[in-house]
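As structure tokens, the structure follows; a few thoughts come after it.
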Amino acid sequence: MPTRKPFVGGNWKMNQHGAEAVALAEAVAKKFTATDKVDVAVFPAFPYLAPVGQALAKAGSGIKLGAQDFYVEPNGAFTGEVSLSMLKDVGVKVVLVGHSERRHVIGETDVLINRKVRAALDGGFEVILCVGEKLEQREAGMTDCVNMAQTLYGLGGVKPEQMARITIAYEPVWAIGTGKNATPIDAQSAHWRIRDAVKYGVFTGGEKGESIGNAVRIQYGGSVKGSNAAELFAQPDVDGGLIGGASLKADEFVAILDAAAKKQ
Ligand code: PGA
């Protein structure tokens, strides 16, 4: 079994203005320096990518700058959109794709999500592909089916050599921002099936498919806090987390990062 370095992302969503965003990045960079043990990325809103990136660089932090969204075309008449090369200009290394708020609030389809995954990989970025079932799908016994299908759609056409830059975030929609968690056992079970989808669905098994599936990191997301991170991260297939609300407070986010650092 490969050792998977934990990876924790702080998805700030449409929160934190100007000086607040910079101060949050500075505080996290100061309080958490063990990026040799945990990969860390923060995802500020577009207008603050550049100042947050500058603050992280000035602090000499290994925390990566991430973007919450982008458009697949390289340039042109796409009013309101931001291209990958623009993100590269301001130092973005990681992008989120398929977050449930983009799927279910903004209306992104699996087809667009797959185009985004492939465009970002071709552009040299790391990608966090988010998947997760809605409450009614869980209640109908469709959890694994939804997660595996979103994984297959999202990763269709991705080349084996690009998989080292993919992370999957399992985020049950009913757990995002609600204070409700998947139990550690439910999270483990979903992660295990998502890993199977990578091994035998995206790639067709054999030694290669299995080794790619065993190496891919799968984060859990959905109401992770300092108080519940350790038990979630203790599960064998939970390789860190994607954190929303709790990433907006430096101490709370750092408590989660410390929990991830203890996983190895
Ligand atoms: P939450 O959000 O931690 O506030 O539940 C997680 C996410 O949407 O990535």
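So if each residue of separation counts as 0.36 nm, and I subtract the Cα-Cα distance between Ile185 and Tyr200, what length gain in nm does that give?
Details: separation 15, 0.36 × 15 = 5.40 nm, distance 2.24 nm.
This chain segment gains 3.2 nm when fully extended.
Return the sequence-ordered ³J(HN,Hα) values of region 141-146 in whole Hz as given by the Karplus equation 6.51 cos²θ - 1.76 cosθ + 1.60 applied to θ = phi - 60°, using x for Gly and Pro.
Values per residue, Gly and Pro as x: x, 9, 3, 5, 4, 5 Hz.
Can you give the local net charge around Leu96? Use residues other than it whose beta-carbon is closer than 9 angstrom to its beta-carbon, Lys and Arg +1, Asp and Glu -1.
Neighbour charge sum, excluding Leu96 itself: 0.
Tell me, what ³J(HN,Hα) does each residue in region 228-237 have, in order and in whole Hz, if you take phi through Karplus 6.51 cos²θ - 1.76 cosθ + 1.60 with θ = phi - 60° and put x for Gly and Pro?
10, 4, 4, 6, 6, 5, 6, 5, x, 9
Provide the net charge surrounding Arg165, with neighbours chosen by a C-beta distance below 15 Å and charges set as Lys +1, Arg +1, Asp -1, Glu -1.
+4
From largest accessible area down, sort Met163, Met14, Met148, Met86; use a 1.4 Å probe on the protein chains.
Ranked from most to least accessible, the order is Met14, Met86, Met148, Met163.
Subtract the Cα-Cα distance of Glu20 and Ala77 from 0.36 nm times their separation in residues, and report this length gain in nm to one decimal.
17.3 nm
Mind listing the long-range amide H neighbours of Lys64? Cut-off is under 5 Å, sequence gap 5 or more, other chains count too, H placed in the peptide plane at 1.01 Å from N.
Long-range HN contacts for Lys64: Val40, Ala41, Val42.
For region 187-227, which whole percent of the accessible surface, found with a 1.4 angstrom probe, sits on carbon and sulfur atoms? If you can, show how the numbers build up before the last one.
Working: 770 of 1580 Å².
After summing per-atom areas, the C and S share lands at 48 percent.
Please list the non-local residues whose amide H lies under 5 Å from the amide H of Val95, H modeled 1.01 Å from N, same-chain partners needing a gap of 5 or more.
Hits under the 5 Å cutoff: Ala67, Glu126, Val127, Ile128.
Could you work out the mean projected area of the convex hull around the alpha carbons of the chain, in square nanometres to one decimal?
On the way: hull surface 51.5 nm².
Result: a mean projected hull area of 12.9 nm².
With each pseudo-label sitting 7 Å past Cα toward Cβ, what's the Asp89-Lys58 distance in nm, one decimal?
Each label point is offset 7 Å from its Cα along the Cβ direction, giving 2.2 nm.
Given a 1.4 angstrom probe, what's the average accessible area per residue across the chain, in square angstrom?
44 Å²
So, taking all protein chains as they sit and a 1.4 Å probe, how much accessible area belongs to Thr178, in Å² rounded to tens?
Accessible surface of Thr178 is approximately 70 Å².
Treat each spin label as a single point 7 Å out from the Cα along the C-beta direction, and report the Lys208 to Lys159 distance in nm.
Label-label distance for Lys208 and Lys159, simple model: 1.2 nm.
Probe radius 1.4 Å, ligands and nucleic acids left out: which of His99, His104 has the largest accessible area, and how do the rest follow? All intermediate terms of the calculation are to be shown ahead of the outcome.
Numbers: His99 10, His104 80 Å².
Heavy-atom accessible area, descending, gives His104, His99.
The values are calculated or read from the model by the stated rules, or taken from the named source; none is laboratory data. Fair warning: this is a prediction, and the values are worked out from it, not measured in the lab. Virtual Cβ from ideal backbone geometry, glycine too; neighbours counted across all protein chains shown. Ligands, DNA and RNA are stripped out before the accessible areas are found, and what is left, the full protein with its side chains, is counted by its heavy atoms. Shrake-Rupley method; radii C 1.70, N 1.55, O 1.52, S 1.80 Å.
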